[in-house]
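Just so it is clear, none of the values below were taken in a lab; they were calculated from the coordinates. The model shown is predicted, which means the values in this text are computed figures rather than measured ones. So basically every Cβ, Gly included, is an ideal-geometry build from the backbone, and we count neighbours across all protein chains shown.
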Amino acid sequence: MNVELLRRYGMTSLLTACVLLGFSAPISVALDNVLLAILLLGAIFNLRPIVQIARQNPVVRAAWLLFLALFIAMFYGVATPAEAVGALGKYADLIFIPVFIWILKDEAARRSARTAFLAAMGLTLFLSYLVGFKLLPIQHWMTPYAVFDNPVIFHSHIAQNNMMGFAVFLALLNLREAISRRAQLLWGTFVVLAIYNVLFMVQGRTGYLILLVLICLFTWATLARYMQRLGKSWGWRQAASLLLIAVSIVAIAYQASPRLHDRISLLGTEYQAWQPNHGKDTSTGQRLDFYYNSLKIVQNHPLLGIGTGGFPAAFAQQTRGTEVIQTVNPHNEFLLITMQTGLGGLALLLYLFYMHWRCAPQLGSALEQDAARGLLLMYVINCAFNSALYDHVDGLLFAYMTATFFAGYKAVKHG
């Protein structure tokens, strides 16, 4: 009996830590690490069910295969052992996906985890408005990027806008499922305030694109489900109408938001002015220099890559004698994986995303099905402009939210 009580207490503690991680991930790296250490300790004593999940869940298998490729790539290339281990650790969140799934196997637990994430984004949104309207001065515990005309709170403008765009999508799904007027008002208010925050207050351009794509996905999925309930088909005419609406929304937002207008116009101007290895004076030029030289590295090492953790040294070698700004990652996950593990690693990353999309319709609810595909589209976009799985916040959020959706996969498949 005492053993059983200890086991229940242990699972309750792990569940609490896992749910808290949903709140911590958008806010505190330090608290993330504490909670992950607790979950890792619990996982060590429960390896059998976790390994079983990894064997049975195709999305987890794909994530572990990608991590395995990165692990193998530690043993060759230009990185020192310490650099290789450090780089592999950046991708350790992939290993945690079945741990999260094991803890969040109940639907109520998964719902609590998603609510914790939205609560953290709600807090971020509230503080962002206070700072943006100068009702709260910049605090020492805020990110160094925080300024009044770019009111980010806990992380960079890129990370905050990306997460806020996904939070809008989750809130829209909750709004669609809400029954009471109070819940509808809550989620509707959050959606309006968050969209305004992304488009008019914070500067992250990747977040603009994520928000647009996810709103289109929400509209598409919701109308398709509605038409299906009516027994009607959802064909090219409906798709063309939705595309026209999306283009109109983009045009209106582009004209209505001076910040959005200026940021997009600046992107075009900087792109036209860029010359290879001479882009250090602009943000766009630096990114294009990163991509240009990263592709050169891929061309020189297409099969096996340069090894895990080898990017900084390889990039420094590739850009020697130029004025290119040095970086520890190319701000593109597709390129970073390919450079480290070769084309085989890129294939495994694409396979992970493919399985994510393919398995989403087999989840337990319409919300989880649509949310899983929304998460995937968010990360396809994010990985195109940032090293999203390499960065702590983005990598952890991908693993965590993947688990909150795909923890219901086995029950649907075998139930």
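Before moving on, here are some points about what is shown:
- In Hz, Karplus ³J(HN,Hα) per residue of the range 150-161 (6.51, -1.76, 1.60; θ = phi - 60°; x = Gly, Pro): 8, x, 8, 10, 10, 9, 5, 4, 5, 5, 5, 5
- Amide proton proximity set for VAL147, modelled H, under 5 Å, gap of 5+: VAL152
- Within straight-line reach of LYS134, meaning a Cα separation under 12 Å, sit the following aspartates and glutamates at least 8 residues removed in sequence or on another chain: ASP149.
- Sites THR80 and ALA251 - FRET efficiency at Förster radius 41 Å, r taken between beta-carbons, to 0.05: 0.20
- Stretchable slack from ALA178 to VAL192, in nm (0.36 nm times residue separation minus alpha-carbon distance): 3.4 nm
- Ranked by how many other Cβ atoms sit within 10 Å of their own Cβ, fewest first, the residues PHE406, PHE218 fall in the order PHE218, PHE406.
- Dipole of the chain [Lys/Arg +1, Asp/Glu -1 at C-beta], most positive-end residue of LEU266, THR327, VAL19: VAL19
- Stretchable slack from ASN300 to THR143, in nm (0.36 nm times residue separation minus alpha-carbon distance): 52.7 nm
- Across the options ALA43, THR284, LEU230, the greatest Cα extent toward the positive end of the charge dipole of the chain (unit charges at beta carbon of Lys, Arg, Asp, Glu) belongs to LEU230.
- Simple spin-label estimate for THR16 and ALA224 gives 4.1 nm between the two label positions (7 Å along the Cα-to-Cβ direction from each Cα).
- Cβ-based exposure ranking for PHE200, PHE385, in which fewest neighbours within 10 Å come first: PHE200, PHE385
- Gain upon complete extension [ARG55, TRP357; 0.36 nm per residue less C-alpha separation]: 106.9 nm
- Put a plus charge on the Cβ of each Lys and Arg, a minus charge on the Cβ of each Asp and Glu, and nothing anywhere else: the dipole of the chain about its Cα centre is then about 1260 debye.
- Residue-wise HN-Hα couplings along the range 310-315, as the Karplus relation 6.51 cos²θ - 1.76 cosθ + 1.60 with θ = phi - 60° gives them from phi, are x, 4, x, 5, 5, 5 Hz; Gly and Pro carry x.
- Each label point was placed 7 Å from the Cα along the Cα-to-Cβ direction; for PHE133 and LEU47 their separation is 5.5 nm.
- Residue by residue, the range 195-203 carries 3J(HN,Hα) couplings of 4, 4, 4, 5, 7, 10, 10, 10, 8 Hz when phi is fed to the Karplus relation 6.51 cos²θ - 1.76 cosθ + 1.60 (θ = phi - 60°); x denotes Gly or Pro.
- Whole-angstrom gap from the range 341-412 to the range 163-225, using each part's C-alpha centre: 19
- Sorted by Cβ neighbour density within 10 Å, fewest at the top, the residues MET401, MET339: MET401, MET339
- In Å, descending, principal axis extents of the Cα set of the chain: 68, 52, 50
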